[in-house]
Amino acid sequence: MVMIHGRLEPEIGALVMQALTAAREALYRRRQATDVPGGTSVVDGSPEAPTMEQQQADALALVAETTLHHGIDPGAPGERYQVVVHVDADVLADADVPGQSVLDGGARVPAGTSQRLACDASRVVMRHDSEGRTTEVGARTRTIPPALRRALEHRDRGCRFPGCGLPFGQGHHIRHWAQGGPTTLSNLAMLCRRHHRAVHEEGYQLTRQPDGELEFRRPDGRILPGVPPHSEVPDDPVGALQGRHEAEGLIVHAHTATPGWLGERLDGAYAVDVLHPLACQASSPVSPESPASLE
């Protein structure tokens, strides 16, 4: 058996649990469609009712199979399985202000996490009175409209963090919309989940320069240099490499990388005895009357 244990950040854990819930319901519908008797496993058809742990294992297997079959693309999740975060408007604008920042299940998350999740999400504004009662609920809107997101994906072609380039990611407001930043293409950049977290929660900084280029800075303020694009791969890479070797006079064959070492353990004392006199001779030759010593 394969044992899986893990520790996840609250919002990622909520996302995993939502995915498992969706998979369990899909397995239930599959069982109903194929007339598998109730209380049996849809995977092995065992007559015993599956425990919750077995149901979770079946659901995890379905998530993995579906991912490999359809490709790894986060896409837009179904509304029923979205992760909901309740956060005060003041907290979105300033992470140091006291206020609410919790998942729907009650788990608290840092204000920086809520700001990151709110960059590219569905937004519902709820107003409360002084006693906490809800007085008004606004319509659900996207912080980045679909048409603008398509333009963003077309322009950035993946994560813009230097050296990353993952083909999918999340829209990031360079100046957060809760702080008055506009939701325009010039104020947006694509970042993968890992680097979006780095900007919001780990101290990395991102600004857009007057010429339109992005500038990333480390938490200590130093500029993070850009990474040059990968060199193009020739149509015949093997032939191109062989041609380069011939031009430089290199002879590479099947045994070029074969070491002469037979796998014995390193004899440290012998290595020092051999290398130390050679090192001494290179700097100051040792006469036979005064043999080299090792302290």
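Working ranking of peptides 132-144, 250-262 by packing, defined as the average number of other Cβ atoms within 10 Å per residue, highest first, is 132-144, 250-262. Site pair R175 and V252 shows an inter-label distance of 5.2 nm when each label is modelled 7 Å from Cα along Cα→Cβ. With a Förster radius of 35 Å, plug the Cβ-Cβ distance of A64 and R194 into 1/(1 + (r/R0)^6) and report the FRET value to the nearest 0.05. With a Förster radius of 35 Å, E is 0.95.
Applying 0.36 nm per residue to the separation of E202 and M17 and subtracting their alpha-carbon distance, the gain on full extension is 64.1 nm. Taking all protein chains together and a 1.4 Å probe, the residues E213, E9, E53 rank E53, E213, E9 from largest to smallest accessible area.
Which FRET efficiency value, to the nearest 0.05, is calculated for V124 and E232 with the Förster distance at 45 angstrom and r the Cβ-Cβ distance? Between V124 and E232 the formula returns 0.45.
The values are calculated or read from the model by the stated rules, or taken from the named source; none is laboratory data. Please read all numbers here as calculations on a predicted model, not as lab measurements. Methodologically, a virtual Cβ is constructed for each residue, glycine included, from the backbone with ideal geometry; neighbour enumeration extends over all protein chains shown. Side chains are part of the model used for accessible areas, which takes the heavy atoms of the whole protein and leaves out ligands, DNA and RNA. Shrake-Rupley method; radii C 1.70, N 1.55, O 1.52, S 1.80 Å.
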